[in-house]
Each structure stands twice: as C-alpha cells, then as structure tokens.
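**Student:** Let me give you the structure first, and then I'll get to my questions.
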Amino acid sequence: EYKEQVTPSYLKTVSAFANYGSGRIVFGIGDDRAVVGLDDPVGDALRIENAINDSFDPRPTFSLEVDEDARTVTLLVEEGAHKPYLCKRRAYKRSDSSTVAVDTLEYGRLVLEGSNLYYDQLESSERQLTFDLLEERLASSLGIEKMNDDVLRTLGLLDKPGRFTKAAEILADRNAMAGTDMVRFGESINDMLDRVTVEGASVLRQYEAALEMYERYYAFERIEGSLRRRHELVPYEAFRETMANAL
C-alpha cells in the first residue's frame, strides 16, 4: 500500500494486514509509484508508532524503516496470532484495492481463529447422530470396518468429553444444516432445466449429488471409428476439486 502522506486511514490497513496477512505500507509514495517524499520522515515514523500503540487492541507486531535520502517511511505489519486486531473497536480486511470493515460473521471467524479454534471444532447441540454413509466410505477407502468412538475422535467428530462437534454434524447422515441447491440453466438464469436440492444431509451426499449432475451434463461418450471415447466439457478433476473446496 502506498501513501503520499501520513493520514489516519492507514490504521485500517494495519488492522487488515494483522488479521489476514503480512503487508507493507510505504509513506511518501504516490499512487503512480512516484516518490514524493515526506517533510519529516523521522518525526512521521515516531507518530506512526505512537498512533498504532494508542489505537490497537491487541497491539500488532510491526516494524518501521526510515529512508532519509528518499524521505520515505516503510511500515511492515506481520499477521498476528491473537486475532482480531481491532482499530478503534473495528476489525478490517482488504477488499481488492480498498480496506473495509469485516461483517459480524467474519468477525466471529476471526475470534475463533485467534482462540486457535475453528467452526468445525465447536460443540454441536445434537446428541443423536448417525454416520452410515461416512462409515461406508471409510470402509471402501481405508478398510475401517466399524465406526467407534476412537475413530470419531481421530476424525475430530467427538471432543474429549465425548460430545459431538460441528464437524460431526456436517458429516452426519441427517442434520439441521442448510444444504446445496444445484441448477442446470438454459439460455438464461430464468430457464431452469434441472434442479437438485440436497438438504439436511451429509456433506458427502451433497458432494456426490454434485458429481451426479456433472455426469448428466458435462460428460458424454462419442463413437470415434471403432472406439467409444469419453469427452468432458469441463475437466472432471477440476470440477471435483472446485466442489470439494466450495462445500
């Protein structure tokens, strides 16, 4: 990030870098990357340090470099482990070339990350969950014949006191979570040629339903001479990876 002058707006960018990834802010550089210089780079560096110390809770890790010849100041901000890093009680993130405040959902994710927790590790309110589909897939892939508490704990589906986690809820045969809505459109999004909705089901079932849609619409066989060859409108591996990441 380049700043011609030292103005309070850079503090939001400090929050964004501390929360989401290390970054540099160089003062005395214009948007066109031309060096304009600061009137008092040493004094500005001191003011930047004091402003960060006074404006943040917790205090991010940063360093300052002063180039007196070019009259610039470089502020290096490191991504921290104790998120969220709040600037005047707000957490920020980078959005393209701008810095914006995070919403309530994203703020909650930062709090969990700062506590070394993730959503899937939280305790589920469900007490009766079954894993028939997961058990079937584990048996075919890993040779695990029977699901028990040891397997569930290894997978992170049970916590130490023996309660189901959110990960268990996601992988259970039935759950109360929102599902996946898949549509095959026609010439526009107003033309729905096919629609499959999978609700309250294991994420594995949602994934398999997506692959079934793929086979219906993005793969076909063509007779070429004496051979029958498979053709894919979208590479299968790419589609599969994209769906796994999205889910």
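**Student:** Can you name the residue in segment 11-33 that is at pLDDT 95 or above and aromatic (Phe, Trp, Tyr) and is also farthest from Val77 (Cα to Cα) among such residues?
**Tutor:** Filtering segment 11-33 for residues that are at pLDDT 95 or above and aromatic (Phe, Trp, Tyr), the one farthest from Val77 (Cα to Cα) comes out as Phe27.
**Student:** Determine the pairs where a residue that is surrounded by 12 or more Cβ atoms within 10 Å (Cβ to Cβ), located within segment 29-51, has a partner that is part of a helix (DSSP H, G or I) and at pLDDT 95 or above with Cβ atoms under 7 Å apart, the partner being 6 or more residues away or on another chain.
**Tutor:** Taking only residues 6 or more apart or on different chains, the pairs are Leu38/Asp44; Ala51/Leu11.
**Student:** For segment 176-198, which positions are over 23 Å from the mean Cα position of the chain (by Cα) and either over 30 Å from His231 (Cβ atoms) or in contact (Cβ under 8 Å) with a residue 24 or more places away in the chain (or both)?
**Tutor:** Hit for segment 176-198 is Arg184, nothing else.
**Student:** Can you tell me which of (1) open to solvent by 30 Å² or more (accessible area, probe 1.4 Å); (2) on the phi < 0 side of the Ramachandran plot; (3) of a type outside the set (D, E, K, R) is the one Val198 doesn't meet?
**Tutor:** Val198 satisfies every listed condition except (1).
**Student:** Pick from segment 63-81 the residues that are under 9 Å from Ala18 (Cα atoms) and touching a residue at least 40 places away in the same chain (Cβ under 8 Å): which of them is farthest from the chain's Cα centre (by Cα)? Please lay out each step first, then the result.
**Tutor:** Let us first name the residues in segment 63-81 that are under 9 Å from Ala18 (Cα atoms), namely 77-81.
Right, trim to touching a residue at least 40 places away in the same chain (Cβ under 8 Å) and you get 77-80.
On the way: Val77: 21, Glu78: 19, Glu79: 15, Gly80: 16 Å.
Here the residue is Val77.
**Student:** Spot the failing condition for His82; the list is (1) modelled with pLDDT of 95 or more; (2) surrounded by fewer than 16 Cβ atoms within 10 Å (Cβ to Cβ); (3) under 24 Å from Arg109 (Cα atoms), and only one is missed.
**Tutor:** Unmet condition: (1).
**Student:** Name the one entry in Tyr107, Tyr92, Tyr20 that is touching a Ser or Thr at 6+ places or on another chain (Cβ under 6 Å) and open to solvent by less than 90 Å² (accessible area, probe 1.4 Å). Walk me through it before giving the result.
**Tutor:** Numbers: Tyr107 fails: touching a Ser or Thr at 6+ places or on another chain (Cβ under 6 Å); Tyr20 fails: touching a Ser or Thr at 6+ places or on another chain (Cβ under 6 Å).
Testing whether each residue is touching a Ser or Thr at 6+ places or on another chain (Cβ under 6 Å) and open to solvent by less than 90 Å² (accessible area, probe 1.4 Å) leaves just Tyr92.
**Student:** Here is a further query. Hey, can you tell me all the residues within segment 179-198 that are assigned to a loop (DSSP other than H, G, I, E, B) and among the aliphatic types (A, V, I, L, M)?
**Tutor:** Correct list: Ile189 only.
**Student:** Okay, moving on. Looking only at segment 84-141, which residues are among the aliphatic types (A, V, I, L, M), part of a helix (DSSP H, G or I) and without any contact (Cβ under 8 Å) to a residue 24 or more places away in the chain?
**Tutor:** Across segment 84-141, the qualifying residues are Leu105, Leu112, Leu138, Ala139.
**Student:** Testing Arg240 on (1) exposed (fewer than 12 other Cβ atoms within 10 Å of the Cβ); (2) outside any loop (DSSP other than H, G, I, E, B), one condition comes back false. Which one is that?
**Tutor:** (1)
**Student:** Could you list, in sequence order, the residues of segment 105-119 that are hydroxyl-bearing (Ser, Thr, Tyr) and at pLDDT below 85?
**Tutor:** Within segment 105-119, Ser115, Tyr118, Tyr119 meet the criteria.
**Student:** Got a number for residues in segment 141-195 being at pLDDT below 90, surrounded by fewer than 14 Cβ atoms within 10 Å (Cβ to Cβ) and aliphatic (A, V, I, L, M)?
**Tutor:** Result for segment 141-195: 3.
**Student:** Continuing with this model, one more query. Within the bounds of segment 216-226, is there any residue that is among the small types (Gly, Ala, Ser), surrounded by 12 or more Cβ atoms within 10 Å (Cβ to Cβ) and either over 25 Å from the mean Cα position of the chain (by Cα) or in a strand (DSSP E or B) (or both)?
**Tutor:** Filtering segment 216-226 down to residues among the small types (Gly, Ala, Ser) leaves 219, 225-226.
Retained after the next criterion (residues that are surrounded by 12 or more Cβ atoms within 10 Å (Cβ to Cβ)): 219.
Filter once more, keeping what is either over 25 Å from the mean Cα position of the chain (by Cα) or in a strand (DSSP E or B) (or both): 219.
Yes: one or more hits.
**Student:** Can you pull out every residue in segment 57-70 that is in a strand (DSSP E or B), within 19 Å of Cys87 (Cα to Cα) and not aromatic (Phe, Trp, Tyr)?
**Tutor:** Asp57, Ser63, Leu64
**Student:** Out of (1) assigned to a strand (DSSP E or B); (2) surrounded by fewer than 16 Cβ atoms within 10 Å (Cβ to Cβ), the odd one out for Val73 is which?
**Tutor:** The number of the failed condition is (2).
**Student:** Restricting attention to segment 52-68, which residues are among the β-branched types (Val, Ile, Thr) and open to solvent by less than 20 Å² (accessible area, probe 1.4 Å)?
**Tutor:** Ile52, the sole residue that qualifies.
The values are calculated or read from the model by the stated rules, or taken from the named source; none is laboratory data. Only a predicted model underlies this, so the values are computations on that prediction, with no experimental measurement involved. Reconstructed Cβ throughout: ideal geometry from the backbone, glycine too, with neighbour counts over all protein chains shown. Surface accessibility is based on the protein's heavy atoms, side chains included, excluding ligands, DNA and RNA. Shrake-Rupley method; radii C 1.70, N 1.55, O 1.52, S 1.80 Å.
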